[in-house]
Structure formats: C-alpha cells, structure tokens
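What follows is a short report on a single structure.
Every read-out reported here was derived from the displayed coordinates using simple, explicitly stated rules and does not represent laboratory data. Computed from a predicted structure; not experimentally measured.
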Amino acid sequence: MSIKLTGSTIPNQHQLGRSNFPPPWFLGAQKVRVSDLQASGYTLNKADYGTIGGGYGSFIWVDFLRVFGVKPDQIVALGIVPLDQNGNIPLNETQKPYWHYKELCRNSQIPDHERLRSNSDSCPDHIWGCPSYALREAWQDFSRGRISSSIKSLWQVFAEPTFAETYTPKARNVFASIDREAKRIGWGQIFCFGRVRAIRKTDDGRYAIAYSLSSSRSRSYAFLVVRFVHLATGYPKLKFLEDLQNYRSQTGDFKSVVNAYENHAHVYQYLEENGGIVLIRGRGIVASRIIQHIYEVRQRSGKKIKVLHLMRSEVTKGKKFGLAQRQVESNFEFQPFNWPKASWGGELRVKLEKAEPQKRQELLQQWGGTTTASRSDWRKIIKQAKLDKWYKPEFGEVKRVEPNHKSGITTYISTNFWDGNDELALVADFIIDATGLEADAKASYLINDLVTHYQLQLNPLQRLTVSNDFEVINMSNEGGKMYACGAITFGGPYAAVDSFLGLQYTSLRSIDHLAKIKAPGIKYLNGFSSIEQWYKR
C-alpha cells in the first residue's frame, strides 16, 4: 500500500535535497513516530515484510515466504539494478536478482558456461533440492542425445568425492532456474528499486526504512514501514590489499593494478595482443580461475605470457581437524567447497550452533582458510606451467609497490622473515588482487549506522550478532523482528552463510521463527502443502 501525504506547509521531496534525506528528526530518533512519517511529505509505503539487498539473499527469503503462503502484496524487496544509458531503471532487470552475483562471476573469470563452486542440491530456486542440478543437467543431456555426459553427471554425485570429482552446476543453468522461479513467485511485483539510507524502529512496533529512488534524471525519496525486516546486503565492497590501495591512490593507476572482482578484461586483451607478465596475489578459487584464463589466452594467442604468483609463505601441509586433513599440491589446499561439507547440515553445523562466541571463532579458524577445488584439468595446467616455466610461485612479505622506471610495476618483497634484510624485486605489467571481498560490518554504511545508533554488539569476527534463528540481537521492536543473512552474519551459528545452501538454511530458520510467532500470512508446511508447492514450481 502506498500513501502520499502532502500539504501547503510541507516542502515536497524535490525541494528536499539529498543532504536532507533522511531528515535529522528521523536519523536522531530511537523510535520514529509514524505520525511524523505521515506528515513528512515523502511517499510512505507499507508492507508486512521487507528485505533489503535485492540479490540472492533477498530472493531466497522471499521465495520461502511465498512457499509458506505469504502473498506478493505483503512483501517488498528493496535493492538496486544497473540503470540504462538514459539513467532509467530497465524493467527487465527487476526480474534478475542475480545480476550483481553474475557480474562478480564474470569479472572473476567464471562465464556462463563454466561451473560454480556449489553443490548439486544447493538450489536457490527452491527449498527441496530435488530435482538437483545434477539430475536436471543429466536429463537435459539425455534429451539431447548426449548420453555419456548424462551418465557422467549422475556418476559424479554418486561417487563424489572419493571416486569422482565433486559435481558443480553450470552458471547458466543456475541463472535460468532463478528466472523461472522469479516469474512464478511474482518477483517483478515484489522488487522495488531503492538505495536504503537508514533504518529506524517506529513507535508502534515496526521499522521505518528510508530509501532513495533517485537516478541521474530525477531525485525521489520514500519511506517503507514494515513489521519484519530482513537484511541481505551481501559484501559491502571489494577487498583490496593495503599496499595496492596505496599504489592506486598515489599513482592514479587503475589499469595496471586491479581487483579480481572488478572488470579487468583489458588485462587479458593486452596479454593476447602483446604478451606480458602478470603478478597474482591470493591463492583461492578466484586465483585458480585467473590462472586458467591466462593459460587459455596463451594457448589461443601463442604470445609469451608469464605468471608470478606471490604468496606470503609456502603451504606443504593442509589444515587438520580430527582425523580429516586437506590435501595440498603446488601450495594450494584442496577442498570441494569453501567449508567442510558437514558444516552445512552435519555434525559440524550442530557443533558450531551450540558453541559459545569465542569457541565459534576458534572452530571457524580450524575449518576455514583459503582453498580451491581439486579439479584435474586445473592441476594439470599448474604442473605443466611450472615445467614450461611460465608460472612461478614467489614467497615473501610485500614491503612496497612502485611504478617501474622503464615500464610496469615493481613489487618489493622481503624473503627473509627473521631479519627482513633480503629484498627481491618482482616486475610485472599487471597486478591482480584475488584476495576476496570485504565483509566487515563497519565497511557498510547502512549496517554501521545500525550498529552505532542502536549500540549493537558485534561478534568476535566483527559481524552482526544473531541468534540461532538469525534474528539480529537487540533489534526487536515489540512484535517487530529484524533478521539477517549472508556475510554480515559470519562468525555466528552457521559457517557457510554466504553459500547458496547457507542462504537457504538461514532463510528457513528465520521463517520457521516467524511461523512460531504467528506472523501474518505464514502457514506451516505439512506433507500435503509441501507437495503442492513443490508441484507448482
């Protein structure tokens, strides 16, 4: 429902500039009066449920709400999509909650035909995980006469990981499945373009969300009042190593030093045309994808291209927990996914959920760390690259990064950790930072504002403190509840919070909690209703 309240004594929202929104009376209040919102002159929207982010986390939460019986007009999903060349919101993009994730995939060298690092039954398009991605792909291949490919997919999920490589779905199949489910649940009706500026509790037990609908063509602001809020803001920004940040700020060179998650297609184009040297920082799955792409460029162009892979130290022994130990090869620790599989739904999940905050941090340190998937094709690339001497690992602590007096960039590293006297200069045409994304709560303006204003306690890993139902601690408002998911909850009761299955698990826990408190429109799934919903999808 949308209410527009204006009066002759109240300036309209075009007269109220960006610096005045949200207004001081909103930002300074512990509990905003609804009467003030009604008299503000801004558009006032109301719903039962509001999710902030508009990406995978929001989509999965909304999908579960719909499966549990909530109507589309009871839900609003606030988020942003890329504007077109005229500064307008393209209507077709509102049906694609994965647009930002897809952009990150492409930038980190995972095009649509490549496979994501996700499990067969981690299906963000539905709650049941059946049919799984492997079964769907097997059926597609079988119906097209590709019998061997069909059998391979089924064999992988049957024999993984001991006798076969772990199955992972193709990116395009995941995106296509999301498109179908988005259309079924009415995502286009639920999604609303908006940049959320701030959230405040209201005096009637709800939450007021201040957001901007502005584009390059117009300025527009509004409030959304909901009883239940879901934070699915994802990673606030790209993570950049400090020495590389300093280099970019001092030189203004954003072409030679890039982050793996930003568009850096010009690097590969240059290599294909001219050859050159690339220095890679980081050794996770993204680093392995970049090395694979450079290998493909070498094969295609025939140019002389070299890779320097800079790591802080050698890895000869994988992390161990109990009797399990990760395999190591060529300074890479191998693991099918970013966490041990038992942390998704097995004994490690239960162990973490029962642990105290400090113990959780210890467990996550033991289970976590930088890993990559054990793919036979990629392992062969590394072995052959080392023999052909176009790939070379280097180890040391970075002292400084400077422009080379001839061309390129020089990275000076200390190769002696004991006294720091031995210095080595590594010269490259490009440096790619593949160390990851930033997820600290303070890196997000919105989350940091909530933490500061309501004096929320962060967990030991500096993320939001949440209950086992993923309710944000100390943010309840009488009958109103606030939940969170994804990277901003890492360090809480669940390890794999930023995975497909992790987003599904956290959504299920929060919606189960909503069902217990008899939130409007939610009905418990029983055998019959579950079969009915499964059949509809």
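Between PHE395 and MET311, the built amide H atoms are under 5 Å apart, and every one of these is 5 or more places off in sequence or on another chain. Karplus-derived 3J(HN,Hα) values for the range 32-47, using 6.51 cos²θ - 1.76 cosθ + 1.60 with θ = phi - 60°, are 6, 7, 4, 4, 5, 5, 5, 8, 6, x, 8, 4, 10, 10, 10, 7 Hz; glycine and proline are entered as x. Ellipsoid fit via the Cα gyration tensor, the chain: semi-axes of 41, 29, 23 Å, each the root of five times an eigenvalue, largest first.
Computed over the chain, relative contact order equals 18 percent, with contacts defined as Cα pairs under 8 Å that lie 6+ residues apart.
Annotation: the range 232-356 has a Kirkwood hydrodynamic radius of 17.7 angstrom, from the mean reciprocal C-alpha pair distance. Given in Å, the Rg to one decimal and the Dmax to the nearest whole number for the Cα atoms of the range 457-537 are 14.3, 43. Total lysine pairs in the range 173-275 at Cα distances under 30 Å, for residues eight or more apart or on different chains: 4.
For the range 117-169, the share of alpha carbon pairs falling in successive 10 Å distance bins from zero is 29, 51, 20 percent. Per residue of the chain, the DSSP helices (runs of n ≥ 4 H) give a summed -39500 (n - 2.57) that works out to -10000 deg cm²/dmol at 222 nm.
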